[in-house]
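Read-outs: derived from the displayed coordinates by stated rules, not from any lab. All values reported here derive from a predicted model rather than from experimental measurement. Virtual Cβ from ideal backbone geometry, glycine too; neighbours counted across all protein chains shown.
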Amino acid sequence: MRVKAVILAGGKGTRLASLTIKRAKPAVPFAGKYRIIDFVLSNCVNSNIFDVLILTQYRPHSLNDHVGKGRPWDLDRSFTGGVTMLQPYKGSFDTDWYAGTADAVLQNLSFIRNGQPEYVLILSGDHIYEMDYDMLIQFHRERGADATLCTIRVPLDEANRFGIVDVDENYRVKNFVEKPKNPPSNLANMGVYIFNYNVLEKALLEEQKQGTHDSDFGKHIIPRMIDGAKRVFAYPYGGYWIDVGTLEAYWEAHMDLLQSPPSLNLNDRTWVIHTRSEERPPVRVETTAHIKNSLITDGAIIAEGAIVERSILSPGVYVGPGAIVRESIILTDAYIESGARVERCIMDKIVVVGQNAVVGSIQDVGDLNITAVGKNTHIPPGYTIGAGCILGTDLTLKDFENYPNRIVPAGTSLGFESRD
């Protein structure tokens, strides 16, 4: 059985604000030591799928550096299989930026065809979940399906954010509607598909003839296959899954890791999430430091009298004497100076928080009001950054000087422009 996995990893992730100014969404760090794409790559190798294509597009440099030749995932293979990263290109026939998920696959069909796969897995590179794709393939084969999409139950009040599926008693899809205003059910498409290769190729070439500009699996390919009486089935997935496409979802996914028991068990040695790690010294916790219900990664230092509660600290994070970090996600090599307070904040790499500065707040429990601070920004000593502020990258003292009383009001967007 020959299976090829195609990971769509070109998303801008604009709703992640300053986290994706300098990197693609799948390259965003997660849970202290991982990147988002590590989960789908690990799902592949844990499911014994070692022939993987990654389709990149927006700012792929960080992603390319992280994946490299695929060694942490045992994908550095010279002859058969392995990982290949593909970027939109100009060749004998012009291509352009991918206009949709199906268009991205169509433009790389010649690469997907290599090795003559029987089945093709279409996967998103920006979801957090653990899935044995072998069980999905078995489900697909047993039903003689042309295509199978993975589904999960979501809260009904959130169902309008997803493609909604209607199935019969055998899980055959009767109807599929993309992001309906009034969802008929809460059975949602996860964006994980498996196709028979010959069916996929025919569907993509037929879609090309339609001249659809933004050809997409959820909007176009799957509905047309259902209308054409193809055998499309829905695989019911019952595990943890989240699309960390917004700051709120990204923050909530981290808080899920701190539940007891956690929603996603990263300590399961039967399903290891592999990643590329750098060498760092052990964590150092100094006298009178207080840590509660948190994940602390190698190289972090918690100084005397510092408090860290319900937070995730990435490699090399420093929390100075008497500083407080609560309900926050602090990325690599951030430096929080003495007396500073950071609450309900997502702080990117190499950020410096000056002495006695205040960033974010957890006072308003009725609204998440996540504060985000972009990479390499320096928050001056004594400043207060209100809840829900979005700060861009590389900000320095001069960017803050126009705020009276050293207070940046709640909800302010500073040095950040949406890229929609």
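A few comments on the model shown:
- In the chain, the longest principal axis of the Cα atoms and the axis of helix 133-142 are about 20 degrees apart.
- Computed label-point distance, nm, for sites Glu158 and Lys12 using a 7 Å Cα→Cβ extension: 2.4 nm
- Against the main long axis of the alpha-carbon atoms of the chain, helix 197-210 sits at an angle near 80°.
- Cα→Cβ-extended label distance, 7 Å offset, between Ser110 and Asn293, nm: 5.6 nm
- Stretching Lys179 away from Ile407 to a fully extended chain increases their span by 78.1 nm, per 0.36 nm per residue minus the current alpha-carbon distance.
- Sparsely packed trypsin sites (Lys or Arg not before Pro) within the range 221-300, loop by DSSP, other Cβ within 10 Å at most 14: Arg269
- Asp76-Arg284 pseudo-label distance in nm [points 7 Å out on the Cα-to-Cβ vector]: 3.1 nm
- Cα gyration tensor, the chain - rounded (a/c under 1.5), prolate or oblate: prolate
- Contour excess over end-to-end distance, with Cα ends at Met135 and Val272 and 0.36 nm allotted per residue: 47.6 nm
- Nearest-0.05 FRET efficiency for Glu118 and Ile242, computed from C-beta distance (R0 22 Å): 0.10
- Exceeding the 19 Å Cα-Cα cut-off - candidates Lys25/Lys219; Lys4/Lys230; Lys4/Lys202: Lys25/Lys219; Lys4/Lys230
- The chain: calculated mean residue ellipticity at 222 nm from DSSP helix runs of at least 4, using -39500 (n - 2.57): -5000 deg cm²/dmol
- If the chain linking Asn48 and Ala229 were pulled fully straight, counting 0.36 nm for each residue of separation and taking away their Cα-Cα distance, it would gain 62.0 nm.
- Order of Ile128, Ile350, Ile330 under a 10 Å beta carbon neighbour criterion, fewest first: Ile350, Ile128, Ile330
- Sites Asp65 and Arg172, calculated FRET efficiency, Cβ-Cβ separation with R0 41 Å, nearest 0.05: 0.40
- Mean separation of Cα contacts under 8 Å, 6 or more apart, over the residue count of the range 107-265: relative contact order %: 31 percent
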